[in-house]
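*Asks:* The structure is given below, and queries will be raised subsequently.
The values are calculated or read from the model by the stated rules, or taken from the named source; none is laboratory data. Here the structure is a predicted model, which means the values were calculated and not measured. Cβ placement follows ideal geometry from the backbone for every residue including glycine, while neighbour counts extend to all protein chains displayed. SASA here: full protein model, heavy atoms, side chains in, ligands and nucleic acids out. Shrake-Rupley method; radii C 1.70, N 1.55, O 1.52, S 1.80 Å.
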Amino acid sequence: MTSRPPESERLRDLARLRRVRDRIDREYAQPLDVEALARGAHMSAGHLSRAFKQAYGESPYGYLMTRRIERAMALLRQGDLSVTDVCFAVGCSSLGTFSTRFSELVGMPPSAYRRDTARSGAGLPSCMEKQVSRPVRNREARHREPHLP
């Protein structure tokens, strides 16, 4: 005997997961953690993490950091803010953690990214610039649609 949740419960969970993802997209610069996201979705933190990863291919924290790094890339391309200012503008509280995560996802430190994109990105429309400069993590993560039988 399996313990699969009834279909209505699965659909309710998927709707909650979409709301969590939308909240991360909207509030990425705010202090967010898995426990707060889970409380807002009326789920346990463990269940939220497992279900989110199953539905979207990465953990809620991983998705949040990817979203923050995407926004940081856009701010660094503009060139008006220092790396430290960008770090805090996207909701990171530690410059070291921000730089490490940025380097992991993008393949270079934020200061090198800012310098290199200032030279190479001139003249590209912002919609194209965003498309060609997505973080590495987004290219590697398998995007899976939630399976509905």
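*Asks:* Would you pick out the residues in the stretch 29-51 that are over 30 Å from residue 113 (Cα atoms) and in contact with a Gly (Cβ under 9 Å, 6 or more places away or on another chain)?
*Replies:* Selection gives 38 alone.
*Asks:* Quick check: anything in the stretch 55-76 surrounded by 14 or more Cβ atoms within 10 Å (Cβ to Cβ), modelled with pLDDT of 85 or more and farther than 27 Å from residue 19 by Cα?
*Replies:* So far as the stretch 55-76 goes, yes, one or more of its residues are surrounded by 14 or more Cβ atoms within 10 Å (Cβ to Cβ), modelled with pLDDT of 85 or more and farther than 27 Å from residue 19 by Cα.
*Asks:* Sort through 23, 39 and tell me the only one that's open to solvent by 50 Å² or more (accessible area, probe 1.4 Å), charged (D, E, K, R) and under 16 Å from the mean Cα position of the chain (by Cα).
*Replies:* 23
*Asks:* Please go through (1) of a type outside the set (Gly, Ala, Ser); (2) farther than 26 Å from residue 89 by Cβ; (3) in contact with a helix residue (DSSP H, G or I) (Cβ under 8 Å, 6 or more places away or on another chain) for residue 19 and return the number of the only condition it doesn't satisfy.
*Replies:* (2)
*Asks:* Let me ask another. Output the qualifying pairs, or none if there are none: Cβ atoms under 7 angstrom, residues six or more apart or on different chains, first residue in the stretch 22-44 and under 22 Å from residue 94 (Cα atoms), second residue part of a loop (DSSP other than H, G, I, E, B) and of a type in the set (A, V, I, L, M, F, W, C).
*Replies:* 24/32; 28/90; 29/90
*Asks:* Further question: Exactly one of these conditions fails for residue 93: (1) touching a residue at least 40 places away in the same chain (Cβ under 8 Å); (2) buried (at least 18 other Cβ atoms within 10 Å of the Cβ). Give me its number.
*Replies:* Of the numbered conditions (1) touching a residue at least 40 places away in the same chain (Cβ under 8 Å); (2) buried (at least 18 other Cβ atoms within 10 Å of the Cβ), the odd one out for residue 93 is (2).
*Asks:* Can I ask one more? Output the number of the condition that residue 87 fails; it satisfies all remaining conditions of (1) open to solvent by less than 20 Å² (accessible area, probe 1.4 Å); (2) over 16 Å from the mean Cα position of the chain (by Cα); (3) not basic (Lys, Arg).
*Replies:* Evaluating residue 87 over (1) open to solvent by less than 20 Å² (accessible area, probe 1.4 Å); (2) over 16 Å from the mean Cα position of the chain (by Cα); (3) not basic (Lys, Arg) leaves (2) as the failure.
*Asks:* Okay, next question. Report the residue count in the stretch 32-73 for those that are outside any helix (DSSP H, G or I) and hydrophobic (A, V, I, L, M, F, W, C).
*Replies:* Qualifying residue count for the region: 2.
*Asks:* Which numbered condition in (1) at pLDDT below 75; (2) small (Gly, Ala, Ser); (3) open to solvent by less than 70 Å² (accessible area, probe 1.4 Å) is the only one that residue 126 fails?
*Replies:* Of (1) at pLDDT below 75; (2) small (Gly, Ala, Ser); (3) open to solvent by less than 70 Å² (accessible area, probe 1.4 Å), only one is false for residue 126: (3).
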